[in-house]
Amino acid sequence: MRYIYLKSWLALGYEMKSFGQLIPRGGGDPIPLLRHTLLVGRRESCDICLRFGNVSAHHAQLNLQGGYWYVNDQGSRNGTKVNGRRLTETEERILEPGDILSVAKHEFEIDYSPVELGAVGPPPSVTQDDSLFGQSLMERAGLDRSAARRAPEEKHDGISERRHKIDDRDAPEEPPRFS
């Protein structure tokens, strides 16, 4: 594997700054993360070369941004997972220390210190909830006035009803007068 060559450089006395490491689950030598952007795949030209038939030529990419590692799938056939959850082809997901990265069926634990890599504060909020598509962008930004007026559905005797809140803008200027 390509990282073996880098280890031999270290044995010769060359010092290279490591930005963390991938620890193979089930045993094996840790793989140092030596650049800010690393391509993972089966090809020799990849920064981290995994010579397994189920690993794509260019499988995934690791990026260091703001002190945190991120991963995105490069259109691999057998997929990339973080903590058992598969990434879509366009999705980029944060890798927090201790997370399990799966490249095809090969699992690695990522080990790094965000503070040592320049992170300030908690990791950036990356919304990857299943409810992501449950709201429109306007609702998520708090700009959809009709959604703000609507109350959740309430059920009475098996019948679904929507209750609407009355906003000051909907109320008449003066209350009606009855004679």
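Given the structure, is residue 39 open to solvent by less than 20 Å² (accessible area, probe 1.4 Å) and at pLDDT 95 or above? Before the answer, list the steps.
Working: open to solvent by less than 20 Å² (accessible area, probe 1.4 Å): no; at pLDDT 95 or above: yes.
Here the answer is no, as residue 39 does not meet what is asked.
Looking at 63, 83, which is the one that is surrounded by 14 or more Cβ atoms within 10 Å (Cβ to Cβ), at pLDDT 95 or above and closer than 21 Å to residue 20 by Cα?
Residue meeting the stated conditions: 63.
Look at segment 86-111: where a residue is aromatic (Phe, Trp, Tyr) and a partner is assigned to a strand (DSSP E or B), sitting 6+ places away or on another chain with Cβ atoms under 7 Å, you get 108/22; 108/23; 108/24; 108/101.
Hey, among 55, 120, which residue is assigned to a loop (DSSP other than H, G, I, E, B), in contact with a Lys or Arg (Cβ under 7 Å, 6 or more places away or on another chain) and more than 15 Å from residue 19 (Cβ to Cβ)? Don't jump to the end; show me each part of the working.
Numbers: 120 fails: in contact with a Lys or Arg (Cβ under 7 Å, 6 or more places away or on another chain).
None of the others qualify; the one that does is 55.
Evaluation of residue 57 against the conditions (1) among the hydrophobic types (A, V, I, L, M, F, W, C); (2) out of contact with any Phe, Trp or Tyr (no Cβ under 8 Å at 6 or more places or on another chain); (3) in contact (Cβ under 8 Å) with a residue 24 or more places away in the chain shows that the sole unmet condition is (3). Considering segment 75-96, the residues that are part of a loop (DSSP other than H, G, I, E, B) and in contact with a strand residue (DSSP E or B) (Cβ under 6 Å, 6 or more places away or on another chain) include one that is farthest from residue 37 (Cα to Cα), namely 83.
The values are calculated or read from the model by the stated rules, or taken from the named source; none is laboratory data. Everything numeric here is computed off the predicted structure, so don't read it as measured data. Don't worry about glycine lacking a Cβ; one is built from the backbone with ideal geometry, like all the others, and counts go over all protein chains shown. The accessibility values were calculated without ligands, DNA or RNA, using every heavy atom of the protein model including side chains. Shrake-Rupley method; radii C 1.70, N 1.55, O 1.52, S 1.80 Å.
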